[in-house]
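J.: Got a structure for you, questions after.
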Amino acid sequence: MLTINDTIAIEDWELTEQFIRSSGPGGQNVNKVSTAVELRFEAQRSPNLPDHAKARLKRLAGRRWTKDGAVILQVDETRSQPRNREIARERLAELIRSALERPKRRVPTKPTLGSRKRRLAAKTQRGEVKALRGKVTGED
């Protein structure tokens, strides 16, 4: 069981772990030992997650969200299988925690009268500077 917060815990049947061979350096060991972990969480079928959290999780997961509603995390950071498994579970818990947080509603604001006047004054001044550029006509 993976505990997310006080009210939400992920059951073991919702998680599937598959161990695969890691890529990258490691000598002969990398060809023999399956240390990388692929953690699959059946998010869409999970009874423990509220619907609003599932929708946000889908958006946060991005390419890691499959068509059948599962989140797949792949970790091959260390040469230790238990450590990679631990890292994958931590990442999943963090992803779910961020999906549970409701985003703040943006309150639209208007620019103040003073800021509008300052902006227009700066534009006018810049226009005058540019107007002074050009060919000089004089007494030559």
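Only the coordinates and a few stated rules stand behind these numbers; no lab work does. Model, not experiment: these values are computed from the prediction. Cβ atoms come from the backbone with ideal geometry, glycine included; neighbour counts cover every protein chain shown.
J.: Tell me the relative contact order for the chain as a rounded percent, counting alpha carbon contacts under 8 Å between residues six or more apart.
T.: Contact order relative to length: 21 percent.
J.: Set Lys and Arg Cβ to +1 and Asp and Glu Cβ to -1, take the dipole of the chain about its Cα centre, and tell me which of Ser23, Thr137, Met1 lies farthest positive.
T.: Positive-most Cα among the choices belongs to Thr137.
J.: While we're looking at this one, here's another question. Of the candidates Val71, Val129, Val30, which one comes out as most mobile in a Gaussian network treatment of the chain with C-alpha springs shorter than 10 Å?
T.: Sorting by GNM fluctuation, first place goes to Val129.
J.: Lysine pairs, Cα distance under 25 Å, 8 or more residues apart or cross-chain: how many in the chain?
T.: Qualifying lysine pairs in the chain: 7.
J.: Within 10 Å, count the other beta carbons around each residue, average over each peptide in 97-103, 37-43, and list them highest first.
T.: Those peptides, ordered most packed to least, come out 37-43, 97-103.
J.: Still on this structure, I have one more. Cβ under 14 Å from Ile8's Cβ, Ile8 left aside: what net charge do those residues give with Lys, Arg +1 and Asp, Glu -1?
T.: Net local charge, Ile8 excluded: -3.
J.: Which net charge results when you count Lys and Arg as +1 and Asp and Glu as -1 among the other residues whose beta-carbon is under 14 Å from that of Leu100?
T.: For residues surrounding Leu100, the net value is +2.
J.: Tally Lys and Arg at +1 and Asp and Glu at -1 over the other residues with C-beta under 12 Å from the C-beta of Val30: what net charge comes out?
T.: That sum, taken over residues with Cβ under 12 Å, equals +2.
J.: Hey, another quick one. Semi-axes of the equivalent ellipsoid for the chain, please: Cα gyration tensor eigenvalues, times 5, square-rooted, ordered largest first, whole Å.
T.: 55, 26, 12
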